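Every number in this text was worked out from the coordinates using simple rules, so none of it is lab data. Every value quoted in this text rests on a predicted model; they were computed, and no experiment measured them. With ideal geometry, Cβ positions are generated from the backbone for all residues, glycine too; neighbour counts draw on all protein chains shown.
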Amino acid sequence: MIGLNDMSLRNLAKQYPVLTAFTCAALQFALTFLILMAGKKFAPAEAYGKVKLLAFSSTVIFPLLLTHVFGMWREIGFGLDKLKPSPFFLACLLPVLMFASMGVRLPEHGGVRGDLLIQLFNAFGEELLFRGVIFVILLSLPQWKAILINGVLFGSMHLMRGYMDGNWGHAFVWAFMSAMAGMMFAAARYRVSSLWLLVFLHMILNLSSMYSNIETVAGPDVKRMMDWATKAVELGLGLYVMWQGSRRQALAA
């Protein structure tokens, strides 16, 4: 007879890691989508900014709830005693240097503090869900498969832009590019013990893209080329760890 302990969500996650990971990502996507959809339908136009803020807040609150439900507080990597970047983590800062290669361009009318706060919460929520909860769920899988799934799920979440902006073509491109970044983040998570390092990496990468001076100096075409070049680097770093994981597994077999 199956006991209650065997029916816990954590044990189900261990038995069906891929299904559980997809479910967690789908629930977050659905929650955010429903908040935005309800806001568009029922809230006045002038209040839609608050609706977006509520949807944004859900990307932090829901992963925290999942962390508690699955009992992952010790495994997520919140400990400040593990803030030790690995050489591979430092290599993941290369896209930041690429974006900053022609200097940075700060907003003319301020707003840097607001951008920092928004990107901090954005990075924290996304990293907690994908390189926290979902990372722990997928640990039982071969490393290459876990990194690939993590990246694909992370990229899929960015399809939300299609609903928000009405430009689904751009949303699919953005999702594809985000999947490459997601694979690099997941690969980096295998090389560091602290989730905070991933939050920092995610945040500084977003900010370096936002404030890059490349478009001003060299034009939009060069900026697009740089966007794809950084994604190629991110994908390459992710594939490197996937290859190493597969090689180790083959040698151990």
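Amide H of Ser212: which non-local residues (sequence gap of 5 or more, or other chain) have their own amide H closer than 5 Å, using H built in the peptide plane?
Amide H to amide H, under 5 Å and 5 or more residues apart or across chains, Ser212 pairs with Arg105.
If I take every Cα pair under 8 Å that is 6 or more residues apart in the chain, average their sequence separation and divide by the length, what percent do I get for the relative contact order?
27 percent.
Separation of region 208-253 and region 106-179 by C-alpha centroid, Å?
15
So if the hydrodynamic radius of the chain is defined as the Kirkwood radius over C-alpha pairs, what does Stokes-Einstein give as its diffusion coefficient at 4 °C and 1.567 mPa s, in µm² per second?
Rounded, D is 67 µm²/s.
Per residue of region 209-216, in order, report the coupling 6.51 cos²θ - 1.76 cosθ + 1.60 (Karplus, θ = phi - 60°) as ³J(HN,Hα) in whole Hz, putting x for Gly and Pro.
Result, rounded to whole Hz: 5, 4, 9, 4, 8, 4, 5, 5.
Given the -39500 (n - 2.57) contribution per DSSP H run of 4+ residues, what per-residue ellipticity at 222 nm results for the chain, rounded to the nearest 500 deg cm²/dmol?
Calculated at 222 nm, the ellipticity per residue is -23500 deg cm²/dmol.
Pick from Ser156, Ser86, Ser212: which residue has the top mean-square fluctuation in a GNM of the chain where Cα pairs under 10 Å get a spring?
Ser86
If the elastic network links every pair of Cα atoms under 10 Å, which of Leu237, Leu148, Leu65 fluctuates the most in the Gaussian network model of the chain?
Leu65
Build a GNM of the chain with springs between Cα atoms under 10 Å: which of Gly77, Gly125, Gly114 gets the top mean-square fluctuation?
Gly114
What percentages, rounded to whole numbers, describe P(r) for region 84-179 computed over all alpha carbon pairs with 10 Å bin width beginning at zero?
13, 29, 43, 13, 1
If one computes the Cα centroid of region 71-93 and of region 29-53, what distance in Å separates the two points?
Using only Cα atoms, the two centres lie 34 Å from each other.
Cross-link list Lys41/Lys231; Lys84/Lys145; Lys82/Lys223; Lys14/Lys82; Lys52/Lys84; Lys14/Lys52: which exceed 32 angstrom alpha carbon to alpha carbon?
As for pairs spanning more than 32 Å Cα to Cα, those are Lys41/Lys231; Lys82/Lys223; Lys52/Lys84; Lys14/Lys52.
Nothing charged except the Cβ atoms of Lys and Arg (+1) and of Asp and Glu (-1): what's the magnitude of the dipole of the chain about its Cα centre? Round to the nearest 20 debye.
Here the chain has a charge dipole of around 440 debye.
Can you put Met242, Met225 in order of Cβ neighbours within 10 angstrom, beginning with the fewest?
Values: Met242 22, Met225 13.
Lowest count first: Met225, Met242.
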